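Working notes, beginning with the structure itself.
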Amino acid sequence: MPRQLIKCKSASPNDSQKEAHLAHGLEEEEIRRRPAAVPKAFHIDSELVSLNHFYSNYASGGEVALFNLFPGITSSDTSSPVLQEALKATALASSSLQMCQAGLMAQARQHYGKAIRKISGALKDNSTAQDDSVVVALLTLALFEAIAPDTSPRKITSHCRGSLALLRYRAEQGVATSLDKGLLAFVVHLGMLEIFIGQEGRSPVLVGLKQAAWAKGGMVEPLLVRAIDYKNMVQHVLSSPDIGRASVGHVTEVFQTGIDIIRDVEAAANYRILSPGPRTKPGPDGAVDEDLNSFNHLLGRKSDASDAIAKGLYLTIRLHLIEYILSLSIALGEPTREELKTLVNLPHGLTAMEQVCEQIRIVFGFDGRDSVCTVPGVGFNAWCMFWPMIAVLKSAFADKDTKMWIMDKCMAVSQASGFGMAMYQQGWFKTDGAKDEMVIAE
């Protein structure tokens, strides 16, 4: 008996297509029956977002007194309208560059104008002029001008000078607090930056600040005062019509003075202060200055991040000093035997520049390095490291590849932080050969 073959009947392709079309038709019918709904608009408070972003960018470093104020201000309902306008202007300007939103910059400039008017009104009354918020607002607007500079760098000059005059007034009126010391460190840092890489003769903000009788403890770290004085000494020799007739002994002494400062700056860069440090000298009253190597009382060096930033700043000063000595040596012509004996102790310029580059890598985590900055705060890091980055970009030791590398890093940091490169692009740091103007706060 033949085996019967049992065949399973499968669905034909046409049946499957019909079922699919039917299901699709039912779905479309269901959609048509649903009541029409207009999507709700998605509203974003650009000011609030910008302020929160700004605080996290700058305040998380926990080092600079001005930046440390920001988190408390955003959570306070009673904060000064003067300061609020200044903060909104600066935060919106920063976000505008970070997010490439031109509309935010327009809002920022509106708040900037309001802040200027409110500050002017506050300064007319002695009681309000002494308020902490006014001097903080002035310095915040100085930061605004660094983020979105005017074509002529005069406003940051006026803001820094205005805040310095206000700090002096507060000290003379006996209302200065620990806040004032921290704000002075912020102002002095801006002055130091302009001394060493600013457009010479164009915007002499706080140039040559040394001791000020009204500022307890002085305004510039003694080691950095020596560095500033040495720059002025070299410029004086270079500008002298008798430079070619300078005595060998005098030239050798100038070289040796610079090399001694370079050694001390290098020690400050590599040594993290404990209490007390071996380089710390007691004052007249026997007190020990524990902040000797804190770069103008700017950084506490209590974390790996702040220590790396402070080291980068000291090494940048060292790079400048090496360049000054070499420029003087070139201007004098072939060195004598005595001069060569002194110059042999001068650190190698390329090595000095590479050490600054390495600190830039360590702070930001470039080129495969692990960043020492474990908390958010790219704005704070950019504000501190902008000087070393521009110093490398302008260095005579930097070849084409190095300049391209550092320019790429500058642009990356500027894009991430909304700070820095706008000043460079507008020519703030081009040299024109003019002399630095000396302004001493007495």
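What's the ranking of 384-394, 344-354, 403-413 by average number of surrounding C-beta atoms within 10 Å, highest first?
384-394, 403-413, 344-354
For the ranges 335-342, 293-300, what's the packing order if you count other beta-carbon atoms within 10 Å of each residue, average per peptide, and put the highest first?
So the order, starting with the most tightly packed, is 293-300, 335-342.
Would you mind ranking MET192, MET421 so that the residue whose beta carbon has the fewest other beta carbons within 10 Å leads the list?
Exposure proxy ranking, most exposed first: MET421, MET192.
Relative contact order of the stretch 46-197, please, whole-number percent, based on alpha carbon pairs below 8 angstrom and at least 6 residues apart.
23
Quick check: net charge around VAL254, other residues with Cβ under 15 Å of its Cβ, Lys/Arg +1 and Asp/Glu -1?
Once all neighbours under 15 Å are counted, the net charge is -3.
May I ask you to derive the FRET efficiency for SER327 and MET404 from their Cβ-Cβ distance with R0 = 30 Å, giving the value to the nearest 0.05?
Efficiency at R0 = 30 Å is approximately 0.80.
Could you let me know the centre-to-centre spacing of the stretch 293-310 and the stretch 326-402, using Cα atoms, in angstrom?
18
Local charge sum around PRO388 (other residues, Cβ-Cβ under 13 Å, Lys/Arg +1, Asp/Glu -1)?
Residues close to PRO388 contribute a combined charge of +3.
Place a +1 charge on the Cβ of each Lys and Arg in the stretch 46-197 and a -1 charge on the Cβ of each Asp and Glu, then give the dipole magnitude about the Cα centre in debye, rounded to the nearest 20.
Using Cβ point charges on Lys, Arg, Asp and Glu, the stretch 46-197 gives about 360 debye.
Read-outs: derived from the displayed coordinates by stated rules, not from any lab. Quick caveat: nothing in here was measured; it's all calculated off a predicted structure. Note: ideal-geometry Cβ built from the backbone for every residue, glycine included; neighbour counts use all protein chains shown.
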